Amino acid sequence: KNQVEQSPQSLIILEGKNCTLQCNYTVSPFSNLRWYKQDTGRGPVSLTIMTFSENTKSNGRYTATLDADTKQSSLHITASQLSDSASYICVVSDRGSTLGRLYFGRGTQLTVWP
Amino acid sequence: EADIYQTPRYLVIGTGKKITLECSQTMGHDKMYWYQQDPGMELHLIHYSYGVNSTEKGDLSSESTVSRIRTEHFPLTLESARPSHTSQYLCASSDGWQGGDYGYTFGSGTRLTVV
């Protein structure tokens, strides 16, 4: 069964600190992996998208890594800000059908304290 | 700046009422989707559309229906709302298949509460 598992479920850090969020997946055949940021009561906003051949991708203070061999990804946030408080969702898509399919993790709820 | 719009943002309605959640996008995307999301849970696909006059059911069974008469518009309708329909509904669009390396944009969502 194709799945996306994220850890930790929730995380609290102090403003200015760094953190790393994890995503493990079993989706096959793999197409790409996306990280989204979802503020409370809002829709997800794309941070990064990586294909099989990409190991790392940055978007400002956000850096995503991908190890397609071990089926693991991480999202590293540097110098956290209060506005980083949100749910971060890992999404993996496959090439197994004409439509393709998105598989969503449950997200990591990040809280940044002043 | 959002190019996909959902209305209303919040809706509280009584059991048995008919409701329509609106979703419009200005990007000319052919593919549009409706997801349902409960707090702390993953998004579940309930409907999708390849283009005008094309609609399909998603992975999660839903009592809602959708229509796609215009490219930019993809409304979702519940004929008789029930408390079990209480959830957040997210609309999305893309310029390619879900599995492709394409832009995929979400609306801000409609939080529905059925009392």
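Nothing in this text is a laboratory measurement; each read-out follows from the coordinates by a stated rule. It should be emphasised that the depicted structure is a prediction, and the values quoted were computed from it without experimental measurement. When we count neighbours, we look across all protein chains shown, and the Cβ atoms used for this are built from the backbone with ideal geometry, even at glycine.
Here the spin labels are modelled as points 7 Å beyond Cα on the Cα-Cβ line, and at A:GLN9 and A:VAL45 they lie 2.7 nm apart. Starting from the Cα of A:LYS57, draw a straight line to each of the lysines and keep only those under 24 Å, dropping any in the same chain fewer than 8 residues away. Once the sequence-local lysines are set aside, what remains near A:LYS57 is A:LYS17, A:LYS37, A:LYS71.
Legend: ranking of residues A:ARG61, A:ARG95 from fewest to most surrounding C-beta atoms inside 10 Å; resulting order A:ARG61, A:ARG95. Here the label points at B:ARG70 and B:VAL115, each 7 Å from Cα along the C-beta direction, are separated by 3.3 nm in the simple model.
The label-point distance for A:GLN81 and B:TYR50, in a model that sets each label 7 Å from Cα toward Cβ, rounds to 4.3 nm. Residues whose amide H falls under 5 Å from that of A:GLY107, counting only those 5 or more places apart or on a different chain, are A:GLN6, A:CYS90, with hydrogens built in the peptide plane.
Ranked for footprinting exposure by Cβ neighbours inside 10 Å, fewest first, B:MET32, B:MET41 give B:MET41, B:MET32. Considering only A:THR65, A:THR78, A:THR40, the mean-square fluctuation computed in a Gaussian network model of chain A, springs between alpha carbons under 10 angstrom, is largest for A:THR40.
Near A:SER85, the amide H atoms lying under 5 Å from its own belong to A:VAL112; only residues 5 or more places off or on other chains count, and H is placed 1.01 Å from N.
Between B:THR15 and B:SER80, the contour length at 0.36 nm per residue exceeds the alpha carbon distance by 22.7 nm.
What whole number of Å gives the distance from the Cα centroid of segment B:17-45 to the Cα centroid of segment A:14-80? When both Cα centres are located, 23 Å separates them.
Cross-link partners of B:LYS17 among aspartates and glutamates, defined as those whose alpha carbon lies under 15 angstrom from its own and excluding same-chain residues fewer than eight positions apart: B:GLU63, B:GLU79.
Taking 41 Å as R0, compute the FRET efficiency from the Cβ-Cβ separation of B:ASP59 and A:THR111 and round it to 0.05. Using R0 = 41 Å, I get an efficiency of 0.85. In a GNM of chain A with a 10 Å cut-off on Cα contacts, which of A:VAL92, A:VAL27, A:VAL45 has the highest mean-square fluctuation? In the Gaussian network model the winner is A:VAL45.
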